[in-house]
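Undergrad: Following this message is one structure expressed as C-alpha cells.
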Amino acid sequence: MGHPITLYGISSCDTIRKAKTWLKNRQIEFEFHDYRKQGLEQKLLESMISVLGWEAMLNRRGTTWRALPDTVKEQIDQASAMRVMLDNPAIIKRPILATANQLHLGFSDRQYQEIFS
C-alpha cells in the first residue's frame with residue numbers, strides 16, 4: 001500500500017469496531033486515530049469540514065448532541081459547530097476514513113467495498 005489510511009473516531013464506538021474489523025479482514029493496513037487519546041487539532045478539523053461539510057459531520061442523534069444546551073443547538077452554525085467538535089469530538093459522526101486523497105464519512109459494507117475496489 002502506498003498511502004497510509006487513517007480511521008478517525010473513538011474506540012468505544014460500535015461503528016468504529018465494525019469498520020476496523022472490515023479493514024482487518026481484508027488485510028488493509030490502517031492507522032486508528034482516537035480523538036479521546038490523540039485529540040483533534042483545529043487544522044485537521046477545518047480540512048475535514050472543508051471536504052465533508054460541518055452539517056454532515058455533526059451527529060445530531062447522539063447523547064453528546066442531546067446534552068448540549070438548547071441555546072447552542074438552536075444557534076448552531078459552522079463556527080459554533082467547530083467549537084463544539086473541538087470540545088467534544090464524540091459529537092463527530094463516525095468513522096471518518098482518510099485514504100490517499102479522499103475523506104469518507106460513515107461506514108457500510110457496500111461503501112467500503114466501493115472505496116477499496
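The values are calculated or read from the model by the stated rules, or taken from the named source; none is laboratory data. For clarity, every value in this text was computed on a predicted model and none was experimentally measured. Here the Cβ is made from the backbone with ideal geometry for all residues, glycine too, and neighbour counts use every protein chain on show.
Undergrad: Among the residues in region 17-30, are any at pLDDT 95 or above, among the polar types (S, T, N, Q) and under 14 Å from residue 92 (Cα atoms)?
TA: There is no residue in region 17-30 that is at pLDDT 95 or above, among the polar types (S, T, N, Q) and under 14 Å from residue 92 (Cα atoms).
Undergrad: Check 45, 86, 40 and return the single one that is in a loop (DSSP other than H, G, I, E, B) and within 22 Å of residue 11 (Cα to Cα).
TA: On the way: 45 fails: in a loop (DSSP other than H, G, I, E, B); 86 fails: in a loop (DSSP other than H, G, I, E, B).
Of 45, 86, 40, the one residue that is in a loop (DSSP other than H, G, I, E, B) and within 22 Å of residue 11 (Cα to Cα) is 40.
Undergrad: Only residues that are over 13 Å from the mean Cα position of the chain (by Cα) and of a type in the set (S, T, N, Q): list them for region 13-23, please.
TA: 21
Undergrad: Say we look at region 1-36 and pick out the residues that are without any contact (Cβ under 8 Å) to a residue 12 or more places away in the chain and not in a loop (DSSP other than H, G, I, E, B); which of these is farthest from residue 115 (Cα to Cα)?
TA: Among those that are without any contact (Cβ under 8 Å) to a residue 12 or more places away in the chain and not in a loop (DSSP other than H, G, I, E, B), it is 14.
Undergrad: Looking at region 31-76, which of its residues are at pLDDT below 95 and among the acidic types (Asp, Glu)?
TA: Scanning region 31-76 gives no hits.
Undergrad: Working only within region 84-117, note down all residues that are buried (at least 18 other Cβ atoms within 10 Å of the Cβ), over 13 Å from the mean Cα position of the chain (by Cα) and either of a type outside the set (Val, Ile, Thr) or within 15 Å of residue 18 (Cβ to Cβ) (or both).
TA: Result: 112, single match.
Undergrad: Okay, next question. Can you tell me which residue within region 35-63, out of those that are within 14 Å of residue 84 (Cβ to Cβ) and of a type in the set (Ser, Thr, Tyr), is surrounded by the fewest Cβ atoms within 10 Å (Cβ to Cβ)?
TA: Only one residue fits best here, namely 63.
Undergrad: Still on this structure, please answer the following. Within the set of pairs 6 or more residues apart or between chains, which connect a residue that is more than 25 Å from residue 12 (Cα to Cα) inside region 55-80 to a residue that is of a type in the set (Ser, Thr, Tyr) and surrounded by 12 or more Cβ atoms within 10 Å (Cβ to Cβ) with Cβ atoms less than 7 Å apart?
TA: 72/80
Undergrad: With the requirement that a residue be in a helix (DSSP H, G or I) and touching a strand residue (DSSP E or B) at 6+ places or on another chain (Cβ under 8 Å), what does region 63-83 give you? Spell out how you get there, then give the answer.
TA: Within region 63-83, the subset in a helix (DSSP H, G or I) is 63-67, 70-74, 78-83.
Passing the criteria: 65, 81.
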